[in-house]
1. Could you identify the single residue in THR254, THR200 that is part of a helix (DSSP H, G or I), among the hydroxyl-bearing types (Ser, Thr, Tyr), over 30 Å from LEU132 (Cα atoms) and within 15 Å of the ligand (Cβ to nearest atom)?
2. Is there a residue in segment 68-90 that is more than 20 Å from the chain's Cα centre (by Cα), assigned to a loop (DSSP other than H, G, I, E, B), among the aromatic types (Phe, Trp, Tyr) and more than 24 Å from ALA181 (Cβ to Cβ)?
3. LEU152 passes all but one of (1) hydrophobic (A, V, I, L, M, F, W, C); (2) over 17 Å from ILE359 (Cβ atoms); (3) under 24 Å from the mean Cα position of the chain (by Cα); which number fails?
4. Which one of GLU3, GLU72 is at pLDDT 95 or above, exposed (fewer than 15 other Cβ atoms within 10 Å of the Cβ) and more than 16 Å from the ligand (Cβ to nearest atom)?
5. Can you name the number of the only condition in (1) at pLDDT 95 or above; (2) within 18 Å of PRO154 (Cα to Cα) that LEU84 fails?
6. Go through (1) free of Cβ contacts under 8 Å to residues at least 40 places away in the same chain; (2) within 22 Å of the chain's Cα centre (by Cα); (3) more than 16 Å from the ligand (Cβ to nearest atom); (4) open to solvent by 90 Å² or more (accessible area, probe 1.4 Å) and name the single condition GLY108 misses.
7. Just to be sure before I move on: is TYR327 closer than 25 Å to ASN34 by Cβ, buried (at least 23 other Cβ atoms within 10 Å of the Cβ) and more than 9 Å from the ligand (Cβ to nearest atom) in the structure I sent?
8. Of all helices (runs of 4 or more DSSP H) completely enclosed by segment 101-193, which ones contain at least 1 residues that are of a type in the set (D, E, K, R)?
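The values are calculated or read from the model by the stated rules, or taken from the named source; none is laboratory data. This structure is a prediction, so every number in the text was calculated from the model and none was measured. No Cβ is skipped: glycine too gets one built from the backbone with ideal geometry, and neighbour counts run over all protein chains shown. Please note that ligands, DNA and RNA were not included when accessible areas were found on the heavy atoms of the full protein model with its side chains. Shrake-Rupley method; radii C 1.70, N 1.55, O 1.52, S 1.80 Å.
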Amino acid sequence: MSEDVVAQSVNVKNIGLRGVTVADTKISFIDGDNGILLYRGYRIEELVELSSFMEVAFLLLNGYLPKKKELEDFESALKDARDLPAFFVEILKKCPANADPMDMLQTGICLMAMFDPGPKEESRETHIRKSLRLIASIPAMIAAWHRIRQGLEPVPPDERLSHAANFLWQLHGSEPDEKTASVLDKCLILHAEHTFNASTFACRQVVSTQARLYAGVAASLGALSGRLHGGANSRVMEMLLALENEKDIDRWVTNELDHGRRIMGMGHAVYKTMDPRAGFLKQMAVELGVKTGMEKWRILSEKLEASSIREFRKRGKTDILPNVDFYSAPVYFMMGIPPDLMTPVFAMSRIVGWCAHIIEEKFAEAQEKPALYRPKAEYVGQYFGLTGCRYESLVKKEEKLSGS
Ligand SMILES: CC(C)(COP(=O)(O)OP(=O)(O)OC[C@H]1O[C@@H](n2cnc3c(N)ncnc32)[C@H](O)[C@@H]1OP(=O)(O)O)[C@@H](O)C(=O)NCCC(=O)NCCS
């Protein structure tokens, strides 16, 4: 190894890998200083205003915008994959009703792996088939789980309905109005992809070992569940519910920060300006607040946002602003989605990004050839052997002690 490479690899040591480029990707781009997010070269603002989740899913997986017929075929393949296998529902019925929905989802992915018709098929086409199977079945799993844990029967899918509308139908057992379904569709677009975030890096790292797609997705779900990542939206809603009757939000925020606690939904590892997704979600909170008569959650969120920003600034932190999870919490709540299902709903969208990255990683679509991730760590422990101390077995030590 040349001296240059050695010097570089020493410099790379960086807790949390902030600012370290570990791979190339053609899937998305973020400019954190200027609040820019692109999916396959298209600005998120245009996609959310003009496109649909189905179109964005096609774009992310295939790398180009679909023609009309391609989009129809894609949507129809997803509709065909919506039904959950009967065994799956039977297993859910045996799970404890208070199980964490993210654990249920992770288990669900492994079950789907075991019952895949061609689990060992490794072509790009099979990866697309498996991706569609998961994009279609994750919402079905979430909805079925929510019904079953309330002692209700799962609702069968309705093929007349869009991906977002069908999810709300299967979750609540009543058809959503057009506005609510359209807001959810836009939320799914906003959450679908975000470069090398923790859960995406997790699946890329797992499949770089040539592990299968389902193994990568199960790893991603584990990473997403954490409160510093996708788990934040559930925590934001818990925080808002706890603050429902709080008169002095400023005092509450100061107290949280004084005790070293984090305000969930605020701050981002990459964006140092407004997260471009957060502005859309804030606007959706305004619209749904008016529509549902639940404006108090939007008002409370805005008070908390303003109070947190003021307090962060007093402490010299000018770049901690709402992220995608902050306003998605009141938006989902106003759609009747309970707090503990908010992270699973995030997964129901991000599954598209994960699958796109798994395919890119496995088929080396942005680099010369597939490569196993194998970073280095600097050993900062002790060197017993090298410093003269030697390993002594327990038996020997005991023999010494007993004098034998
Ligand atoms: C997402 C997050 C981990 C990114 O953090 P980061 O900018 O990469 O860096 P750090 O976690 O090291 O935070 C930097 C500093 O800002 C503070 N900070 C960042 N976000 C904060 C928050 N939401 N509340 C309170 N303090 C926060 C940290 O405590 C740290 O302070 P210190 O330097 O005095 O120790 C962080 O903003 C956070 O924990 N947010 C809340 C959880 C969340 O919403 N996650 C979803 C992200 S999309």
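1. Values: THR200 fails: over 30 Å from LEU132 (Cα atoms).
Unique residue meeting the criteria: THR254.
2. If we filter segment 68-90 for residues that are more than 20 Å from the chain's Cα centre (by Cα), which is where we start, we get 68-90.
From the residues that got through so far, the ones that are assigned to a loop (DSSP other than H, G, I, E, B) too are 81-85.
This time we only want the ones that are among the aromatic types (Phe, Trp, Tyr), so: none.
No, every residue in segment 68-90 fails to be more than 20 Å from the chain's Cα centre (by Cα), assigned to a loop (DSSP other than H, G, I, E, B), among the aromatic types (Phe, Trp, Tyr) and more than 24 Å from ALA181 (Cβ to Cβ).
3. It is condition (3) that LEU152 fails.
4. Only one candidate passes the filter, namely GLU72.
5. Checking LEU84 against (1) at pLDDT 95 or above; (2) within 18 Å of PRO154 (Cα to Cα), the one that fails is (1).
6. (4)
7. Working: closer than 25 Å to ASN34 by Cβ: yes; buried (at least 23 other Cβ atoms within 10 Å of the Cβ): yes; more than 9 Å from the ligand (Cβ to nearest atom): yes.
Yes: the conditions hold for TYR327.
8. Values: elements: 101-114, 124-149, 163-172, 178-191.
In segment 101-193, 101-114, 124-149, 178-191 are the helices (runs of 4 or more DSSP H) which contain 1 or more residues that are of a type in the set (D, E, K, R).
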